[in-house]
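Here's the structure we're looking at; comments come further down.
The values are calculated or read from the model by the stated rules, or taken from the named source; none is laboratory data. Being a predicted model, the structure only gives us computed values, none of them experimental. Here the Cβ positions follow ideal geometry from the backbone for every residue, glycine too, while neighbour counts run over all protein chains shown.
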Amino acid sequence: MRLAPIAVATLTAALLSLTACSQAEDAAKDAASDAACQVARAAVDEAGRQAGQAVDEIGADPQSAQRDLQGIRDALAGAERSVDGDVKAKIGEAKAAVEDLLGQAQDAAEGAEVDTQAVDDARGDLDAAVEDVKNLC
């Protein structure tokens, strides 16, 4: 069976149209992914900066550190919902480190002595997760 030249032209135009749609769809997905990644990167960068300040307050003002760390955790949770894959996993690691720091602040607020080793470990975990997100994005 042989197609008429008009049918060939129509079929070719339809295939080109589908390719263009697919390319436009891929470009839109990439742009959305890039935007989400930039939001995630900014969130973890800010979380790392603010957590450093909160860590300094754990011994002196644990209630203030607790409030700050809760806000950081909530911001990371919001960023975590906006991404997927490896970036989401690394934000989850950052959030877990902040939760560890939050636990130390809560204990200190209840009168316990600050476990500096646990604080240092959690801070190191947070710093590593922040770097990983920056490298992925």
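Here are the numbers for the structure shown:
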| read-out | value |
| --- | --- |
| From Q70, Q63, Q50, residue being farther than 24 Å from K88 by Cα and out of contact with any Phe, Trp or Tyr (no Cβ under 9 Å at 6 or more places or on another chain) | Q63 |
| Single residue of E113, E93, E131, E99 found to be acidic (D, E) and more than 20 Å from A40 (Cα to Cα) | E113 |
| Among the residues listed as G92, G52, the single one being surrounded by fewer than 16 Cβ atoms within 10 Å (Cβ to Cβ), assigned to a helix (DSSP H, G or I) and touching a residue at least 60 places away in the same chain (Cβ under 8 Å) | G52 |
| Selection status of E80, at pLDDT below 95 and either more than 16 Å from V55 (Cβ to Cβ) or part of a helix (DSSP H, G or I) (or both) | yes |
| Enumeration of residues in region 55-66 that are of a type outside the set (S, T, N, Q), part of a helix (DSSP H, G or I) and loosely packed, with under 15 Cβ neighbours inside 10 Å | D56 |
| Qualifying positions in region 95-137 - in a helix (DSSP H, G or I) and farther than 18 Å from I58 by Cα | A128, A129, V130, E131, D132, V133, K134, N135, L136 |
| Within region 63-80, tally of residues that are farther than 16 Å from V39 by Cα and acidic (D, E) | 1 |
